Amino acid sequence: MKRLKLLLPAIALVTVFAMAPAANSAVVVKGSGARWRPKVTTINAGVKVTWKAVSGSHTVTAYKGAWSKNTSIPQGTKTSFTFKKAGTYNVFCSIHAGMEMKLRVKK
Ligand SMILES: [Cu+2]
C-alpha cells in the first residue's frame, strides 16, 4: 500500500507533463554557462523561438541538414527563428561541448 501511495502521485505527474500543451506564443531559451534552459521545449508550428546569451557567448547551431541556423550570440545578445514545420529540431552551441537543447514543433 505504501508503494502505491508513492506511485500514484508519480503517475499523475508524468500524465500532467505528457499532456502539457505546446507553447502558442514566443518562447525564450536562455544560454547561461554551458547550458540552454529549457533543455527541451514543445511549441506549436509558427511560434518564434529566441535564444538569448544571458551569460557567456554562444552559438545557435543546427545539426547539418536538420534545419538551417548557425549564429553567434555574444553575451547579452539574442537571435530568433520561427519554426513553421512540425518536427524535432536539435540545437547545439559550437563553443561549449554538450550544450544542446531540443525543440519539438507540433502542427
Ligand atoms: Cu555555449
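Against the compact-protein benchmark of 2.2 N^0.38 Å, the Cα-based radius of gyration of segment 22-106 scales to 0.97. Of the listed pairs LYS78/LYS106; LYS52/LYS107; LYS52/LYS106; LYS30/LYS78; LYS48/LYS84, which have alpha-carbon separations greater than 20 Å here? In this structure, LYS78/LYS106; LYS52/LYS107; LYS52/LYS106 lie more than 20 Å apart at Cα.
Looking at segment 30-107 alone, DSSP beta bridges between its own residues are antiparallel in about 70 percent of cases.
Read-outs: derived from the displayed coordinates by stated rules, not from any lab. Nothing here was measured: the structure is a model prediction, and the numbers come from that model.
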